[in-house]
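Step one of this worksheet: look at the structure below.
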């Protein structure tokens with residue numbers, strides 16, 4: 001079903017893979033692209049849990065649009081381990 005604001009549908013695989021990243025930390029990142037034929041947002045790449053931010057940025061094509069989520073791990077000033085899921089467009 002298409003989103004009423006954009007007219008673009010999101011494939012079920014996108015939703016499932018995002019839930020896996022969110023709940024199981026199965027991936028470091030997921031990139032999405034628009035499939036022009038089906039007019040859907042689809043999964044483009046899945047980053048392995050050990051991948052880095054450099055691996056993520058290196059996987060992006062230079063002249064094509066992509067959307068992504070990235071599981072960002074960091075340490076606070078108080079030395080606490082944290083993780084945030086970032087949406088990048």
If a residue has to be under 14 Å from the mean Cα position of the chain (by Cα) and surrounded by fewer than 12 Cβ atoms within 10 Å (Cβ to Cβ) to count, how many in region 34-48 make the cut?
1
Name, by its number, the condition in (1) out of contact with any helix residue (DSSP H, G or I) (no Cβ under 9 Å at 6 or more places or on another chain); (2) modelled with pLDDT of 95 or more; (3) surrounded by 14 or more Cβ atoms within 10 Å (Cβ to Cβ) that does not hold for residue 59.
(2)
Sole miss for residue 69 among (1) in contact (Cβ under 8 Å) with a residue 24 or more places away in the chain; (2) assigned to a loop (DSSP other than H, G, I, E, B); (3) surrounded by 10 or more Cβ atoms within 10 Å (Cβ to Cβ) is condition (2)
Could you check, for region 15-28, whether at least one of its residues is under 17 Å from residue 65 (Cα atoms) and either surrounded by fewer than 17 Cβ atoms within 10 Å (Cβ to Cβ) or touching a strand residue (DSSP E or B) at 6+ places or on another chain (Cβ under 8 Å) (or both)?
no
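The values are calculated or read from the model by the stated rules, or taken from the named source; none is laboratory data. What you see is a predicted model; the values in this text were computed from it and never measured. Neighbour counts are summed over all protein chains in view; Cβ atoms, including those assigned to glycine, are modelled from backbone coordinates with ideal geometry.
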